[in-house]
Structures are given as C-alpha cells and as structure tokens.
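Presented below is the structure to which this report refers.
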Amino acid sequence: MGVPLPGRLGERAREILAGRLAPVPARDAATVVLLRDDPLEVYLLRRQATMAFAAGAYVFPGGSVDPRDADQAVAWAGPSPAGWGEILRTGESTARGLVCAAVRETFEESGVLLAGPGPRTVVTDTTGDDWEADRLALIARTLSFAEFLDRRGLVLRSDLLKAWGHWITPVMETRRFDTRFFVAALPSGQRTRDVGGEASEVAWMRPGDALAAARDRTVFLMPPTFRTLTEIAAFETIGDVLSCPRSITTIVPAPAEVDGRMVLVIPEEIPEEIPARFPEAGRAGT
C-alpha cells in the first residue's frame, strides 16, 4: 500500500531511511481555503505547467512565512498571536508569522484581503491600480505586510480565519514545508481575480466537483488538497464549516519500502483510485 515514489524521489527516500542523507528542514508556511456560498465552493489556483514543482496542480492560495510576518508592528484584530499559538500548537512568534502569512499570501494570490479599518470591519474592494501596485510590491518583498497595513490604516482580521489542518512535506522532498491550513469566507463585496504569476488559471469549484475531476484525471490534486476538499465536501454552507468543532492533527506522509519498492504512506484515508503524484519538490500552498 502507498503511493509509488519514482526515480530520484525513491532514491532519496531510501538514502534518508538508511541514515545516509539528512532531510531538508521544513519551512513554516500557511495556506487558506477561501469559501463562498450558494452553493458552497472553494477557490483553486492551477499551477503553471512550466513550474519546477507541483506543475499543473490545483492548489489553495498559500506560501512560506516571510521573516517579517512575525513583526509585532503588524496591526492586529481578533484572537491574539498567543491564542493562535495554543490553537496551532506552536510558539507565539511562529503563530503570528503563520496567521500573517495566511492573510498576506491570500491577498497576493487571489486579491482577497482579510483586513479592515477596524476590528469589526473589512475592506470591500481591492481591485484598483493602487491595490495592484501594493500587491506586486508585497510579492517582490519590497513592501512588508506591516508597512502595507500601516500605509492603508488597516488591521489584520485574525478572527476571519479558522484553523483547519497541518501537513508536513515528506522527508525525501528537496523543498519541504510545515504548513498550516486555514479556512475563511470570501468577504462581502470582495471578489477574487486572476492575478497571474505562478497560476495559469483560477476557478471556483464545488468540492465534490473538484474531487470527481481528480478521479477522472482531468484535475491534478496533491494529497493535502484532496484530503481537505474531502473534508469540506461534507458541509453545505460556510456557516457549517466555520462552526464545526475542529481538532488539528499533524499529518506527515512517510516513505517506506514495500516489496523492494519505495512508496509514500499517507496516515489519512485517500482513495486508492486517486492518481496522486509526487514531483521532485513540494509546495506550501497545496
């Protein structure tokens, strides 16, 4: 049982299991499942086919934590970083960085901003040329998220996020991420847009439709994305998703040798018929 590990991935896995090769350290990362109602749909980006890793995969917005995301200058409303640390089972500084990265990456990759002028408000339109200039500056890292919020008189709304999952990239990958998954509703008045960059296309899809497309092999989903969509598909509305009790468990797919073949064992049920593929390097926002 398990997903076959081809070529160099299998060789790296064998070397690591034998203690002859050390795994690459996993980088903190965050990804956000954006939701909208009537019917319940999720926002997905399709990775460029020319990308060195996860090429063509449909993923959620997300990426690595920028060291500046943990800056205490980030204007904040909602549950505190210390409170998030308890939820995410990590230190306060790391939790601050993860939540900030979740909001920043969502804006960078979808144009949706989970922030507002105050603790009970949220911006309603982020489509102007000035917003686009700021988004590009964030991507280029010439502008920190703290500076962006301060410039616009906004506060990060951590209460608009719900912690959902925790996946760590397998040890044989050459790019590894320690990724927290969040869910969030699309704010009223805002809309997603195709912002280009790493994505060749974007789509709102019903979770069940995305899963069916994966079974038909017309959509490529990495296991964390598949598992998350399976969980979301059990709900009918955003309210149901956000109100459900959620206990965060850490999932670490692990390589193993079975009958002389290297495979990846995923400690969560994913149907065998799903054509899971593991490229040479992972991605944070999967």
Taking the residues in segment 213-237 that are outside any loop (DSSP other than H, G, I, E, B) and among the basic types (Lys, Arg) as candidates, determine which candidate is farthest from TYR43 (Cα to Cα).
ARG215
Has segment 136-155 got at least one residue that is in contact with a Leu (Cβ under 7 Å, 6 or more places away or on another chain), assigned to a helix (DSSP H, G or I) and aromatic (Phe, Trp, Tyr)?
yes
CYS100 fails exactly one of the following numbered conditions: (1) in contact with a Lys or Arg (Cβ under 8 Å, 6 or more places away or on another chain); (2) free of Cβ contacts under 8 Å to residues at least 60 places away in the same chain; (3) of a type in the set (A, V, I, L, M, F, W, C). What is the number of that condition?
(1)
Per the filter on segment 237-257, residues out of contact with any helix residue (DSSP H, G or I) (no Cβ under 6 Å at 6 or more places or on another chain) and of a type outside the set (A, V, I, L, M, F, W, C) are THR237, GLY239, ASP240, SER243, PRO245, ARG246, SER247, THR249, THR250, PRO253, GLU257
Tell me, which residue of segment 166-185 that is within 10 Å of the chain's Cα centre (by Cα) and open to solvent by less than 10 Å² (accessible area, probe 1.4 Å) is nearest to GLY239 (Cα to Cα)?
VAL183
Return yes or no: is GLU41 on the phi < 0 side of the Ramachandran plot and open to solvent by less than 60 Å² (accessible area, probe 1.4 Å)?
yes
For the subset of segment 122-163 comprising residues that are without any contact (Cβ under 8 Å) to a residue 12 or more places away in the chain and exposed (fewer than 12 other Cβ atoms within 10 Å of the Cβ), which member is nearest to ALA102 (Cα to Cα)?
ALA140
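Out of the residues in segment 142-175 that are among the polar types (S, T, N, Q) and in contact with a strand residue (DSSP E or B) (Cβ under 8 Å, 6 or more places away or on another chain), which is farthest from ASP71 (Cα to Cα)? Walk me through it before giving the result.
So in segment 142-175, the residues among the polar types (S, T, N, Q) come out as 142, 144, 158, 169, 174.
Then drop every residue that is not in contact with a strand residue (DSSP E or B) (Cβ under 8 Å, 6 or more places away or on another chain), which leaves 158, 169.
On the way: SER158: 15, THR169: 26 Å.
Within segment 142-175, the match that is farthest from ASP71 (Cα to Cα) is THR169.
Table: residues versus (1) small (Gly, Ala, Ser); (2) over 15 Å from ARG193 (Cβ atoms); (3) out of contact with any His (no Cβ under 6 Å at 6 or more places or on another chain).
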position	(1), (2), (3)
ALA115	yes, yes, yes
THR126	no, no, yes
SER144	yes, yes, yes
LEU154	no, yes, yes
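Regarding GLU105, is this residue buried (at least 16 other Cβ atoms within 10 Å of the Cβ), closer than 22 Å to LEU138 by Cβ, at pLDDT below 95 and of a type in the set (Asp, Glu)? Full working, then the answer.
On the way: buried (at least 16 other Cβ atoms within 10 Å of the Cβ): yes; closer than 22 Å to LEU138 by Cβ: yes; at pLDDT below 95: no; of a type in the set (Asp, Glu): yes.
Judged against the criteria, GLU105 is not a match.
The values are calculated or read from the model by the stated rules, or taken from the named source; none is laboratory data. Not measured: the values here are computed from a predicted model. Methodologically, a virtual Cβ is constructed for each residue, glycine included, from the backbone with ideal geometry; neighbour enumeration extends over all protein chains shown. Remember, those area values only see protein heavy atoms, side chains included, never the ligands or the DNA or RNA. Shrake-Rupley method; radii C 1.70, N 1.55, O 1.52, S 1.80 Å.
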